[in-house]
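J.: Could you have a look at this structure, given as structure tokens, before my questions?
What follows is calculated from the coordinates using simple rules that are stated; it is not laboratory data. These figures come from a predicted structure and were not determined experimentally. Neighbour counts are summed over all protein chains in view; Cβ atoms, including those assigned to glycine, are modelled from backbone coordinates with ideal geometry.
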Amino acid sequence: MFLIKLSELTWGGMGPGILSLFHIIWLIICINFCIIFAKIAKKNNNAKTVDKVILILDIILIISEIIKQYIYHFEYYEYFRIDVIPYSFCSAPMYFALIGCLTKKENVKDICYKFLSFYGIVGGICAMIY
């Protein structure tokens, strides 16, 4: 019940609208995490530290995705909606980051990190244009 009240306060309805309190709160949280972890990665500039930072951020993203899906499907609709695909293309970077930071093969790691950088740049530009 707490999650439904929190989502009503932040989402303001059946889902997060553009520039809703929900998005603003998560934007602030993500910016703070990025600043903190960028400082850690810059201070300890080696591949293992970067992989650890990406793994920690990825775990945070996966937990937030699970919470979001739970609120959306079970708090609002009280059942799992099969017509809404969770973990879709918007969530692809979570899986590529997980594969990239856990793999030992440099070519796989390189592909995953290149995808993340390209996806982030193009996705960010598209979001800003929209």
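J.: How many of the residues making up segment 99-116 are assigned to a helix (DSSP H, G or I) and exposed (fewer than 10 other Cβ atoms within 10 Å of the Cβ)?
T.: As a first pass, look at segment 99-116 and keep what is assigned to a helix (DSSP H, G or I): 99-102, 106-116.
Filter once more, so that each one left must be exposed (fewer than 10 other Cβ atoms within 10 Å of the Cβ): 106-107.
Within segment 99-116, residues that are assigned to a helix (DSSP H, G or I) and exposed (fewer than 10 other Cβ atoms within 10 Å of the Cβ) number 2.
J.: Just checking, how many residues over segment 54-72 are closer than 16 Å to LEU27 by Cα and either without any contact (Cβ under 8 Å) to a residue 12 or more places away in the chain or touching a strand residue (DSSP E or B) at 6+ places or on another chain (Cβ under 7 Å) (or both)?
T.: 2
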